[in-house]
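Encoded as structure tokens, the structure appears first; notes follow it.
The values are calculated or read from the model by the stated rules, or taken from the named source; none is laboratory data. As the structure is a prediction and not an experimental result, all values here were calculated from the model. With ideal geometry, Cβ positions are generated from the backbone for all residues, glycine too; neighbour counts draw on all protein chains shown.
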Amino acid sequence: MKYSDFTLRPATEADLPILLKWRNSDLIRPFMTNGRIITWGEHEKWFKGLADDTSKKELIFEYQGTPIGQLTVSDIDHKNSTAYWGYSRGEEDAPRGSGTAMEYLALAYIFEVLGIRKLCGELFSFNTKVIKVHEKFGWEEEGRLRKHCLKGEDYEDVICIAMFNFHWQLIRDEMREQIFEEE
């Protein structure tokens, strides 16, 4: 997999159908805090709200020009230079390793383009595949919200994680070499 095979671009109105398909899919929905099916009307309202909200960004990951996932940057706090994030691979047949590549591109965008000082995230403790990807990048667990969110019949733990820009600067080049083939 080559770095140049991947792009990250702002989501447009033309992306709404695929974003809704991904959001409501069994691949993504079980890992969302709000795991219910979203309607087209709710989806349109959400997207229109992004236009005037400087605290949020929605982007699309592409592999060789084909959309394969999405990145959400939210709660961007310009004063404290912090933000929250989430990303998901929307296509099951995306190339092996694309989740790790997507995480790399997301972190590069958030730390280098947006200039965020501290990035925070939350994920369910049962999301072990993503936890392993985050461990490769050196995310730090800052806390655990025990039995915090009802999923099905059980309340699940939510893990709070963070990464600082200075950490990204230390690992960026090494991670790029590990993830991507030479061009």
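Computed values, structure above
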item: The range 1-19 residues that are touching a residue at least 24 places away in the same chain (Cβ under 8 Å), paired with ones that are among the hydroxyl-bearing types (Ser, Thr, Tyr) and part of a helix (DSSP H, G or I) (beta carbon under 6 Å, 6 or more apart); result: Leu8/Tyr109
item: Search result, residues across the range 136-153 that are exposed (fewer than 11 other Cβ atoms within 10 Å of the Cβ) and farther than 18 Å from Gly35 by Cβ; result: Arg146
item: Search result, residues across the range 139-153 that are modelled with pLDDT of 95 or more and part of a loop (DSSP other than H, G, I, E, B); result: Trp139
item: Leading residue by the ranking (modelled with the lowest pLDDT) among those in the range 1-60 that are in a loop (DSSP other than H, G, I, E, B) and acidic (Asp, Glu); result: Asp26
item: Near pairs, Cβ below 7 angstrom, 6+ apart or cross-chain, from the range 97-109 (under 14 Å from Asp173 (Cα atoms)) to any residue that is surrounded by 23 or more Cβ atoms within 10 Å (Cβ to Cβ) and at pLDDT 95 or above; result: Leu105/Phe61
item: In the range 81-96, residue farthest from the chain's Cα centre (by Cα) [restricted to those that are of a type in the set (Gly, Ala, Ser) and farther than 19 Å from Phe31 by Cβ]; result: Ser81
item: Count - residues of the range 159-169 that are assigned to a helix (DSSP H, G or I) and over 19 Å from Gly99 (Cα atoms); result: 4
item: Selected residue (only one of Glu156, Glu103 is among the charged types (D, E, K, R), assigned to a strand (DSSP E or B) and surrounded by 17 or more Cβ atoms within 10 Å (Cβ to Cβ)); result: Glu156
item: Pairs with Cβ under 9 Å, 6+ apart, first in the range 29-53 and within 17 Å of Val158 (Cβ to Cβ) and of a type in the set (Lys, Arg), second part of a helix (DSSP H, G or I) and modelled with pLDDT of 85 or more; result: Arg29/Arg23
item: Members of the range 76-94 found to be touching a Ser or Thr at 6+ places or on another chain (Cβ under 6 Å) and either of a type in the set (Ser, Thr, Tyr) or more than 16 Å from Arg23 (Cα to Cα) (or both), listed by number; result: Ile76, Tyr84
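Residues are listed down the side, and each one gets a yes or a no for (1) closer than 21 Å to Thr100 by Cβ; (2) under 18 Å from the mean Cα position of the chain (by Cα):
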position	(1), (2)
Thr7	yes, yes
Ala11	no, yes
Pro17	no, no
Lys45	no, no
Gly49	no, no
Tyr63	yes, yes
